[in-house]
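Beneath this line is the structure, given in structure tokens, with notes to follow.
The values are calculated or read from the model by the stated rules, or taken from the named source; none is laboratory data. From a predicted model like this one, the values you see are computed outputs, not experimental measurements. Virtual Cβ from ideal backbone geometry, glycine too; neighbours counted across all protein chains shown. Remember, those area values only see protein heavy atoms, side chains included, never the ligands or the DNA or RNA. Shrake-Rupley method; radii C 1.70, N 1.55, O 1.52, S 1.80 Å.
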Amino acid sequence: AEEPIKIGFLAPLTGATAAWGKPGLDGCRIWAERINAEGGVKLADGNHPVEFVAYDEEYDPAKARTGATKLIREDEVKFIMMLGGDPWPGVEPVADRTGMLFSTLLPSDLSPDTTTLVAPCEVHPAYIVTGVDWLARNRPELKTAVICAQDDSLGLPSIATYLAAFEAAGIEQLRRPLLFDASTTDFAPIVTRLMSGNPDIICLDTSYSDYVHPICQQLYQQGYQGQIISATLDFYDQIVQKTSKEFMEGVIFQFPDFDDPAMNSDTVNFKDANGFYEEYAKRFPNQWGAVSWEYAAIMDLWKDAAEKAGSAEPADVLEAMLDGGTGKHAFGDATWWGEELFGINHALVGNWPVVMIEDGKAVIQEFGSIPDWYDQHGDLLIKHMKEYRQMWDQRS
Amino acid sequence: MRNLIFLAILAVALVFLPNLLSFSQREILVFLTFNVLVVATYRVMTLTGEWSLGHVVLMGVGAYTSALLSKDFGLWVPFSVIAGGLVAALVALVLSYPLFRMKGFYFLIGSFAAGEIIRLLWKWSGFRNVFGGTKGIKGIPAMPDFSVGFYSFDFFEPTSYFYLSVVVVAVCLLILWRIEKSPVGLTFHAVHWQDTLAQASGVNIRAYKTLAFVIASGFAGIAGALLAHYIGTINPNSFDLDVMVFVLTWAIVGGTTTFYGPILGCVVLTALNEVVLRQLGFDQARPLFYGLILILSILFMPNGLEGIVQKFTPRKEAK
Amino acid sequence: MTTILEIKDLTIRFGGLTAVDHLNFSVEEGTIHGLIGPNGAGKTTTFNMVSGFYTPTSGEVLLKGERISGMPMHLVARKGLVRTFQHSTLFAELSVLENALVGTHMVYKPNIFAAIFGFDGAARKAARERAVEVLEFFGLAPHLHERAGDLSHGHQRALGMAVAYASKPTVILLDEPFTGMNPEETRHMMELMRRLKSGGTTILIVEHDMQAIMGLCDRITCMSFGKLLAEGNPSEIRNHPAVIEAYLGGARHVA
Amino acid sequence: MLLELRDVSVNYGPVAALKNLSVKVEEGQIVTIIGSNGAGKTTTLRAMSGMLPVKSGEIHFEGKRVDGMAPHKIVANGIAHVPEGRRIFPDMTVEENLRTGAFLRKDKAAVEHDLRDVYNRFPRLLERRRQRAQTMSGGEQQMLAIGRALMSNPRILLMDEPSMGLAPVIVEEIAVIIEEINARGLSVVLVEQNAVMALELASYAYVLESGNMVLEGPAVDLRDDETVRKAYLGL
Amino acid sequence: MLEFLAQTGLNSIYAASYIALIAVGLVLIFGVMGVLNFAHGELYMAGCYVIVALYAKSFVPFFVAVVAGLIFVGCLGLLMERALFRPLRDNPLAGLVASIGFLMILQAIAAMGFGVRMENIPVVSHKVISFTDYVRLPVARLYVIVAAVVMLTLLWFFLKRTKFGWALRASAQDPQAAALQGISVNLTAKIAMFIGAAYAGLAGALTAPLVSVTPHMGHSVIVTAFVVIIVGGVGSLEGAVVAAVIYAVVQTVVTTFYDGVLADIAGLSLMLIVLIVKPTGLFGSANRA
Ligand SMILES: Nc1ncnc2c1ncn2[C@@H]1O[C@H](COP(=O)(O)OP(=O)(O)OP(=O)(O)O)[C@@H](O)[C@H]1O
Ligand SMILES: Nc1ncnc2c1ncn2[C@@H]1O[C@H](COP(=O)(O)OP(=O)(O)OP(=O)(O)O)[C@@H](O)[C@H]1O
Ligand SMILES: [Mg+2]
Ligand SMILES: [Mg+2]
């Protein structure tokens, strides 16, 4: 075999944020085994196996900067995947100087200043409009909603997006969104507050599963009977156990299980989703969640681009990736998009699934189109994003 | 004389140090330089016997101030760094009023609460347009590059920034050292060991505690500002309890009776954690080994790393 | 003779307990004045109020006619009144010399900017000279660089006085300076106090060692249950029936 | 023999504080140890009650070897120690302090009896039984420390400068107490600066100097010894 | 509105209960050992993981697992006493560092042994006591409240009414003098560490099914516990309980009526105000600082 290609994995592996990095690394290692078994990446100079080099950035910009330097200058990686968020601005100067290709899970890291950062997988939070849109079409009787979220860089843009989506759908907000600190553990008071105006919909925004579970449990125990919508619902089977099938019936969220039959559809680009899911579940039982597949999905995209370019050099790969302004997103063909929100078309946006719990199991309802929604309601989104100071030129 | 030779050797060593290190180690070296200043200022704080848990937040005050002044008001970065130090000192002065009503354990937790309130204000959505909320501030202007004939400083490069910060930190350390060795420093010690007797000797202990707190915070603010202009981004989590705990352990594992003890602790523990343990490849187990190192070092060297140094150097004057 | 320290109607209450109760007495300049009384009579508490450690419930303390009661301790010290403590209270971790240097604090006020830029050389030198001089006076010169906490008990008490004396006070309050000293040391210490007195320092002393008190004091105030019991010169006090009854007893084991 | 130190040496770090010291206390005897500051008197008492480990030598109590045992086990054999510096429990009330002295005793009625006894001797303590010990005056604390030691109903009482800081009347009271409890069969080891009183009370005396035993003998003899008179009695 | 207030009241009682259980242990350890146990939050976390290991993964009955959690974490406390705090007695700063080291080890063990993701713990009881439609108390929360009341009463009785309580307080104030009264300082240290840790473990075990169990969950708990023991006055158990109630009410009410971030600010400000007015906390005494 030829010289292996090294890919950097720069995400939190220890500390409180490790759950956003570690499972992704696990997923990448499975991805690498599967690809390498097929002969690796086929470049102009032959086939190369892929190898991941991880650096634990502890969700700290300074450590991330050190890690990026190490991965680029010492390990000579060709591509670096990051979780993004707080550490990204620390890495930004390194990216600008070295021209290294980076990816993030959070498009809110994008800005026109950095041309080598792409957000090719999770178009957080834009995808959530599809869920609200579905709800409005299928459950027109729901008229009012409240939102709660942790006060951080995931929660806030997501709140703005939900506000836009609800407004577009004609659903009224009973009160302004309720924010809680990331260290909250007891959600009873928050749930009491959420339920106080008898809303038709309670929206959990992009709360992490650490929060979603206790919130759902509290909603159940305090006797909530309305609709729940959430961006993620990782380990929803556990929530079903803790509440009841009836209670969870009809909850809407956005992250499908990869054993969903709909994932075998031709329009889905994630390679052998069912097989990947099976393998992951075998090795890491009960650990499947959004991050498990997202980094791997980015690797699919990267591999296609590298093979198309015949080279693993960052500049070549980036060019091939962006070529034609379209790309094969995990959930279907998509376009490079985002100029208005992020100042640069580096987010790969297309369809996104709307998932609903049916009889205790997540089932994909449809793949909704984000650009289509944006074409109609883009001004609303921009309005709310501005209000929450989430536009790229407002993000200080 | 011996001291001068020692300092000369140290200076030469510092000039060549970056060349001996790998790229990422140079990055670590830069951060280490700031942290040396932070832990040295922390020592000044603890000279009066009060252990604060708000120190890194005050460092953060310096960082936020300098970042905002240079970014939003276009202040020349070297000035904004100094302003960062001044504002941190000022905030410490204000905080000293409520905080020094308490002492000992109460002060420890009181200072933590005060720091946490400041940090929460940075985070709070109400002030998001000033402090940037949980995401903090990014795009902080870098130190302006310049060249001095034979060497051009490019402050993106860790080596350049290291030279700059080593000079700044050295000047700060010199000042701190002179303070500690002066009658003022002696009075700090006196306040620590026996505050009633110090008072009976005419020492206004509250004023001296405040003085130590303000000085320590001011220089910590400078360290914070240096950090901010290097990485170009800061956020409330960069100054949270986890970071404070590291400073605390550096100071104690290094030793509490000498000026250089905490610095030694900072250098050794950082090298172990960031270089050795990472090189050994203990991904997830790294905190475990770091914890073990802390425990073993404190069990076997209850007097800190400085105790070892003292064993091998002749004692000049009994302290 | 002029009155330097005047205690007027001094009273303090702790909860229901009146520890010092309308106490009145005054101390003449340049004398050694004894304050005695049974345990718990309120002597230390009186000291605490005079030196600013406690704020009296009522009444006042005048130093050279100026009211000092209720002032914080360091301000009282700056007025020229310093004290020692009943238990050996020292900067145990500092050297003997450093202890005395802290004592000179009021005389040579340290200044932080001078310290940083090195303009305080003269003051430092003078402070050191004063410290060494005082330590020599109290016989501690051989121990300059020892840790104060390692000194023997007697030396610690001497050092306590040295720290107080280093600030060139006009009035010194000594709380049981002779406890834990053997007769030989006590005698030596008494001699030093007489020399302080002849140097013009006024001394107010609390002590249970009757030999020392009687031999040293010009005047003695005896208090009991927070109130004044008797006042007079040593022989008057020694023979005062109320004092014998409340305090001296048969004096079987005291001289 | 009730308590015996055989060739005991004790160090503080590298510094020798006691050097090959031998002390004997007979049943029912009052023994005193005198010596100048820093001679090692306190150290001797601490070694006896196990507060300090001995470096070499043996300590026997009622024929049982006790050196090396934990202090709480040693005192359980019947030793009570009035330590230097009083060491009362500052945040407990006077009565709680006294009752702690009887921690090991199971005979409730007798404990109550002894408590009343202590209160009778020091009425001041009764008056202040609910006061926090820390706020007591120096002398009151000393009374409390002595009272606490008496509460343990010991076989032998080690007293480190019990008269320190006490008014002359109370010093007399202490002397009376020592005589009385001795009459009840208790042995006492007395360390005093007030050597006059110590030699008057004791039947046997030791003189310590820099950790060495320089003189010993019946108290009456030492009282007449020229060096002792000069150095310790101030005569 | 009335219902709303009543539910808020129930929420506060629950919050006060589990905060008090944790804080009381921290107070006890600080009081007797003189060290600030930074690892206390991780002891709580360990209690949660006992439930994960026994109840969630091995199907041991819940209450058996709770008792096991209490004992196991109590034993962790004993381990800390023996291995860390005893050799470092008289050196509170060193003890602090050792507890920080221990915290890191516990976190790493949990992360490596169980993974960094939150754990799945099956519901203990689906039962909910409904006072009205909107005033409800889940039975699982009731367990915590009952446990807190029972355990705090027991502890109070133990400390105030038994000889050992005295011994504990005596050796907290002066270990050497306590030894002279026949009190074994090692024993009292062990008792304090066992009880202190066990209470944290109990709180962890009981609340595990109600919260998200992750290796880093101890962090927020310790911060709350600090605030509570300071407001109550260091070394005072009654103070810790009263402060837990006050803090829980403030947190709950502000969260309910405004938002969670503000509630944190309010809680900390409350604490600063208490300290400014009374620098030794509500029940504290000056010299224990
Ligand atoms: N803070 C306090 N709270 C309550 N009572 C107090 C306090 N301080 C002192 N007392 C009481 O006031 C009385 C006077 O105490 P003080 O210490 O002044 O006595 P003293 O004359 O110095 O006695 P001694 O000769 O024993 O040292 C004592 O009975 C003491 O218990
Ligand atoms: N904790 C200690 N650390 C080091 N040295 C000590 C310590 N305690 C006592 N020493 C030294 O040991 C020697 C004996 O001290 P010790 O306290 O036994 O004397 P003493 O005879 O009781 O004196 P005094 O009459 O002053 O109480 C002294 O030289 C003293 O300095
Ligand atoms: Mg007194
Ligand atoms: Mg002694």
Within the range B:240-314, what whole-number % of the accessible surface is contributed by carbon and sulfur, with the 1.4 Å probe and all protein chains included in the calculation? 73
Calculated from backbone phi, Karplus (6.51, -1.76, 1.60) coupling profile of the range B:259-271 in Hz, x at Gly/Pro: 5, 7, x, x, 5, 4, x, 4, 5, 5, 5, 5, 4
Tell me, what ³J(HN,Hα) does each residue in the range D:88-94 have, in order and in whole Hz, if you take phi through Karplus 6.51 cos²θ - 1.76 cosθ + 1.60 with θ = phi - 60° and put x for Gly and Pro? 6, 8, x, 8, 9, 6, 4
Apply the Karplus curve 6.51 cos²θ - 1.76 cosθ + 1.60, θ = phi - 60°, to the phi angles in the range A:231-247 and return the couplings in whole Hz, x for Gly and Pro. 6, 10, 8, 3, 6, 4, 4, 5, 5, 4, 4, 6, 10, 7, 4, 5, 4
Accessible area per residue, 1.4 Å probe, Å², for chain E: what's the number? 32
Residues with amide H under 5 Å from that of B:GLY232, placed H, sequence gap 5 or more: none
Mind checking the per residue accessible area of the range B:25-238 for me, 1.4 Å probe, whole number of Å²? 30
Nearest 5 percent is fine: what portion of the DSSP beta bridges confined to the protein assembly as shown is antiparallel? 55
Give me the summed buried accessible area for the C-B pair, 1.4 Å probe, to the nearest 100 Å². 2600
Across peptide C:78-85, how many C-beta atoms of other chains are within 10 Å of each residue C-beta, on average? 3
Chains E and A: accessible area buried, summed over both chains, 1.4 Å probe, nearest 100 Å², reads 3300
Going by a ≥ b ≥ c, the root eigenvalues of the Cα gyration tensor, does the range E:139-289 fall in the rounded group (a/c under 1.5), the prolate group (a/b larger than b/c) or the oblate group? oblate
Between the alpha carbon centres of the range C:1-34 and the range A:341-381 the gap in Å comes to 85
Leaving out ligands and nucleic acids, note down the accessible area per residue over the range A:148-250 with a 1.4 angstrom probe, in whole Å². 24
Going by alpha carbons, how many degrees (0 to 90, nearest 10) lie between the helix axis of E:40-51 and the longest principal axis of chain E? 60
Per the Cauchy relation, a quarter of the hull surface: what is the mean projected area of the convex hull of the alpha carbons in the protein assembly as shown, in nm²? 57.9
Residue by residue through E:89-96, how many Cβ atoms from other chains fall within 10 Å of the Cβ on average? 5
Across the Cα atoms of chain E, what radius of gyration and what greatest pairwise Cα-Cα distance (Dmax) are found, in Å? 18.8, 61
Amide H of C:SER224: which non-local residues (sequence gap of 5 or more, or other chain) have their own amide H closer than 5 Å, using H built in the peptide plane? C:LEU229
What does the average come to when, for each residue of peptide C:142-153, you count the partner chain Cβ atoms lying within 10 Å of its Cβ? 2
For the range A:259-346, give the percent of accessible area contributed by carbon and sulfur heavy atoms, probe 1.4 Å, rounded to a whole number. 49
Shielded by partner chains, the range D:60-94 residues - at least 20 Å² of accessible area, 1.4 Å probe, vs chain alone: D:PRO71, D:HIS72, D:VAL75, D:HIS81, D:ARG86, D:ARG87, D:PHE89, D:PRO90, D:ASP91, D:MET92
For the range B:240-314, taking Cα atoms only, what is the radius of gyration to one decimal and the Dmax to the nearest whole Å? 12.7, 42
Taking the alpha-carbon centre of each part, the distance from the range B:84-116 to the range E:225-289 in Å is 17
Can you give the longest run of chain E that contains no chymotrypsin sites (Phe, Trp or Tyr not before Pro) sitting in a DSSP loop with at most 13 other Cβ atoms inside 10 Å? E:132-289
Buried solvent-accessible surface, both chains (E, B), 1.4 Å probe, Å² to nearest 100: 3700
Please report the antiparallel percentage of DSSP beta bridges with both residues in chain A, rounded to the nearest 5. 40
Specify whether the C-alpha gyration tensor of the range B:25-238 places it in the rounded, prolate or oblate class, a ≥ b ≥ c being the square roots of the eigenvalues: rounded for a/c under 1.5, otherwise prolate if a/b is larger than b/c and oblate if not. oblate
List the lysines whose Cα sits under 20 Å from the Cα of E:LYS127, skipping any in the same chain fewer than 8 residues away. A:LYS242, A:LYS245
How many percent of the accessible area of the range E:1-217 is carbon or sulfur, using a 1.4 Å probe? 71
Please say if the range A:115-240 is rounded, prolate or oblate, where rounded means a/c under 1.5 for a ≥ b ≥ c the square roots of the C-alpha gyration tensor eigenvalues, and otherwise the choice is prolate for a/b larger than b/c and oblate otherwise? oblate
Can you list the residues in the range A:171-188 whose accessible area drops by at least 40 Å² when all protein chains are present, compared with the chain alone? Use a 1.4 Å probe, heavy atoms only. A:LEU179, A:ASP181, A:THR185, A:ASP186
So how do B:91-98, A:167-174 stack up, highest first, on mean other-Cβ count within 10 Å? B:91-98, A:167-174
Amide H neighbours of C:VAL20 at under 5 Å, excluding residues fewer than 5 places away on the same chain, with H built from the backbone geometry, are C:ILE12
Of D:LYS19/D:LYS55; B:LYS103/C:LYS43; A:LYS6/A:LYS42, pairs whose Cα-Cα distance is over 21 Å: B:LYS103/C:LYS43
Protein-protein interface of the range B:75-122, residues with accessible area decrease of at least 50 Å², isolated chain reference, 1.4 Å probe: B:ARG101, B:MET102, B:PHE105, B:TYR106, B:ILE109, B:PHE112, B:ILE117, B:LEU120
Starting with the highest mean, order B:224-231, A:142-149 by the number of other Cβ atoms within 10 Å, averaged over the residues of each peptide. B:224-231, A:142-149
Among C:53-59, E:169-175, the order from most to least packed when residues are scored by Cβ within 10 Å on average: E:169-175, C:53-59
